[in-house]
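Values quoted throughout were computed directly from the atomic coordinates according to the rules given, and no laboratory measurement underlies them. As the structure is a prediction and not an experimental result, all values here were calculated from the model. Positions of Cβ are backbone-derived with ideal geometry, glycine not excepted, and every protein chain shown enters the neighbour counts.
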Amino acid sequence: MSPELLDPDQFESSDGRPTRESDCYALGMVIYEVLSGKVPFAQLREFIVMRKVLEGERPSMPEGAEGTWFTDELWATLNLCWETRPEIRPSIEAVLERLSQVSGTWVPPSPRAEEDLEEDDSDWDLTTEINL
């Protein structure tokens, strides 16, 4: 949720209703979640996330396999979507145009890149044996 929806008084918003600018903020978070496979700030409790968002903190750029899709250009676009001041955020149309440009320059990682990733011991699949 965008900062101005969390604390309308701080941002001189009279009613705290969603706006195109708050939709832009949300779009940036959805893009982050879809491409990284992780909910922003998932490890934190809701009230801590709210405080961090109001203080201007945003998710960090994913690394490793989760960061495969995040180019510098895409990251810059997401940061514009997450701008603290709503009036500085781009329009949805501008974001979509930028995403179109960014996707045209994205180069997928080599198939070998996945083989080089270390396995996470906490991951398991249906073939994992469960001893009761």
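Observations, loosely collected:
- Qualifying residue in segment 47-60 (condition: in contact with a Lys or Arg (Cβ under 7 Å, 6 or more places away or on another chain), of a type outside the set (A, V, I, L, M) and surrounded by 13 or more Cβ atoms within 10 Å (Cβ to Cβ)): no
- Residues that are assigned to a loop (DSSP other than H, G, I, E, B) and either more than 16 Å from Val30 (Cβ to Cβ) or of a type outside the set (Phe, Trp, Tyr) (or both) within segment 65-87 comprise Thr68, Thr71, Glu83, Thr84, Arg85, listed in sequence order.
- Tabulated pairs, segment 34-59, first under 16 Å from Leu80 (Cα atoms), second small (Gly, Ala, Ser) and assigned to a helix (DSSP H, G or I), C-beta under 9 angstrom, 6+ apart or interchain: Arg58/Gly28; Pro59/Ser36
- Residues of segment 38-52 that turn out to be over 21 Å from Thr68 (Cα atoms), in a loop (DSSP other than H, G, I, E, B) and in contact with a helix residue (DSSP H, G or I) (Cβ under 6 Å, 6 or more places away or on another chain), as a count: 0
- Exclusive hit being crowded, with 16+ Cβ neighbours inside 10 Å, of a type outside the set (Asp, Glu) and assigned to a loop (DSSP other than H, G, I, E, B), set Pro90, Pro8, Pro18: Pro90
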